[in-house]
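The values are calculated or read from the model by the stated rules, or taken from the named source; none is laboratory data. Treat the numbers as computed from the prediction; the structure is a model and nothing was measured. Methodologically, a virtual Cβ is constructed for each residue, glycine included, from the backbone with ideal geometry; neighbour enumeration extends over all protein chains shown.
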Ligand code: ADP
Ligand code: MG
């Protein structure tokens, strides 16, 4: 008996904070959403030291009178819903009345607010204690959150370095700004401006402000409506496709939400327009009757449920391809057949070619277990006999056995070593074939530290600033040449910004391996006997002809003895 107590307010708020306020960017999100709900036209966000020391959000919205301001910091105090009926028709971004008390529980808060009628109010909140005084009467609200997580050391320790925390804040503000083109946003980090939108109400302009001119130039508008929902927004042309999914932005009723199934449908809708490893750059706004949407799935409201998801998926699969087909695309759609690939004829500087031309001594193959990958023993003289399924070379060795060679794996090994050798020389760098400008979104740009820039340079790519969030690629490695220089640079950058290793040699190696794979002869490509013989000769010149750079076998050997054994001819 008597084990159960009611938690005191401060403790209850701290527990709620655990769910709502995960990191500095969550504070920014909650405060900005409050400003938007207060009909602000201008929202100014300032963040210091990753948001650990200070976050200030100032708006010109409707403000609060003194009683409301005091109440706002209390738990479950909200002006946005009154009854259960309202809970199922949420039109505002907030409604749980949890954000301000949660923030107050884990930081020191100063709230300055005024409705424009009479004096304003300033409140200092610290550990459940409020100090209230008069303030200037200018309409709007300014929230200053200092020393975040000062009393929750575990949370504080869990935070990443400033670059990562800032990237998260920039991403959240970018999405809120995209969802509200009619509001002028400005975000500065340690007093440096990161983004600023005009609030003129045009989403394309907001896109331009956030992602730069180049991105905006290749965006196509799309719109569709049916009784249950409508969608609008911009579809990036295939030429500005990205190497990750982070540029698929879905906004629902003014909220940036994570809709995994919808994201998959968007990727699917682009399928005929993009090669498999590229992802679309899209910004889509969905407007759905709030009665059909359940935003109350998670305290952060990042994930939502809604009833017409299937219908929306269907619509996307029709509307997106139609829109992409309708307009003559500025970039060429990439629909490749294997025949379009030009294998084995890379432009290499003479110096490197000479490096590769030395013939290695040829030796003979030994007996192997039937059908096993050839181990690194002796090198046989192989004569090409034909091709199986336009995929495997059938070759005969001189001793009555035969060897099957996977033509793609073999070409991959050959290209890999060519590129590797190339990387050892000083003149492996070149300029892109066509001027190449890439966009890095602000949140990723924040991760692009001088050290990472250095790593990128060591892997052979040089970027120079070229306008807002855009960079001109001035140097690339020779092996990045040909049709997909852009994807090469973007993938490399993606790996440097998000990958686990920062060792430039490891990154370059990985890039070379993947580039060799893409540039290599594919399966289902027919070859003449002479081409096959050339492939075999090239393969023997590599340092390890038996495996592709990913470690898969290039060939499987059957010796004369294996054949005899399998046909029960041994002992004759
Ligand atoms: P919720 O947004 O879920 O209602 P919050 O704790 O975030 O809960 O905010 C509590 C209340 O404080 C809001 O309902 C609103 O009335 C008021 N409020 C918060 N921020 C602002 C602001 N920037 N301008 C005007 N009112 C605000
Ligand atoms: Mg709120």
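Among residues of segment 548-569 that are farther than 30 Å from residue 514 by Cβ, those with a Cβ under 6 angstrom from a residue that is buried (at least 17 other Cβ atoms within 10 Å of the Cβ) and at pLDDT 85 or above, sequence gap 6+ or separate chain, pair up as 558/401; 558/402; 559/401; 560/401. Does segment 418-431 contain at least one residue that is more than 26 Å from the chain's Cα centre (by Cα) and part of a strand (DSSP E or B)? Yes, the conditions are met somewhere in segment 418-431.
Would you please name the residue that is surrounded by the most Cβ atoms within 10 Å (Cβ to Cβ), looking only at residues in segment 176-229 that are in a loop (DSSP other than H, G, I, E, B) and free of Cβ contacts under 8 Å to residues at least 60 places away in the same chain? Among residues in segment 176-229 that are in a loop (DSSP other than H, G, I, E, B) and free of Cβ contacts under 8 Å to residues at least 60 places away in the same chain, the one surrounded by the most Cβ atoms within 10 Å (Cβ to Cβ) is 197.
Restricting attention to segment 96-131, report how many residues are at negative phi, assigned to a loop (DSSP other than H, G, I, E, B) and within 16 Å of ligand 2 (Cβ to nearest atom). Steps first, please.
Taking segment 96-131 first, the residues at negative phi are 96, 98-115, 117, 119-126, 129-131.
If we keep only those that are assigned to a loop (DSSP other than H, G, I, E, B) too, we end up with 96, 98, 106-107, 115, 117, 119.
Then keep just the ones that are within 16 Å of ligand 2 (Cβ to nearest atom); that gives 96, 98, 106-107.
The number of residues fulfilling the criteria is 4.
Residues of segment 22-32 include none that is in a loop (DSSP other than H, G, I, E, B), away from ligand 2 (no atom under 12 Å from the Cβ) and closer than 15 Å to residue 142 by Cα. Take the residues of segment 57-79 that are under 19 Å from residue 41 (Cα atoms) and part of a loop (DSSP other than H, G, I, E, B): which is farthest from ligand 1 (Cβ to nearest atom)? Among residues in segment 57-79 that are under 19 Å from residue 41 (Cα atoms) and part of a loop (DSSP other than H, G, I, E, B), the one farthest from ligand 1 (Cβ to nearest atom) is 60. Being more than 15 Å from ligand 1 (Cβ to nearest atom) and either at pLDDT below 95 or out of contact with any strand residue (DSSP E or B) (no Cβ under 8 Å at 6 or more places or on another chain) (or both) is not true of residue 98. Only one of the listed residues (56, 43) is within 30 Å of residue 291 (Cβ to Cβ), at pLDDT 90 or above and away from ligand 2 (no atom under 13 Å from the Cβ). That residue is 43.
Considering the conditions (1) near ligand 1 (Cβ under 7 Å from one of its atoms); (2) under 28 Å from the mean Cα position of the chain (by Cα); (3) more than 17 Å from residue 178 (Cα to Cα), residue 33 is excluded by exactly one of them, (3). Just one of (1) surrounded by 15 or more Cβ atoms within 10 Å (Cβ to Cβ); (2) in a loop (DSSP other than H, G, I, E, B); (3) more than 14 Å from ligand 1 (Cβ to nearest atom) fails for residue 137. It is (1).
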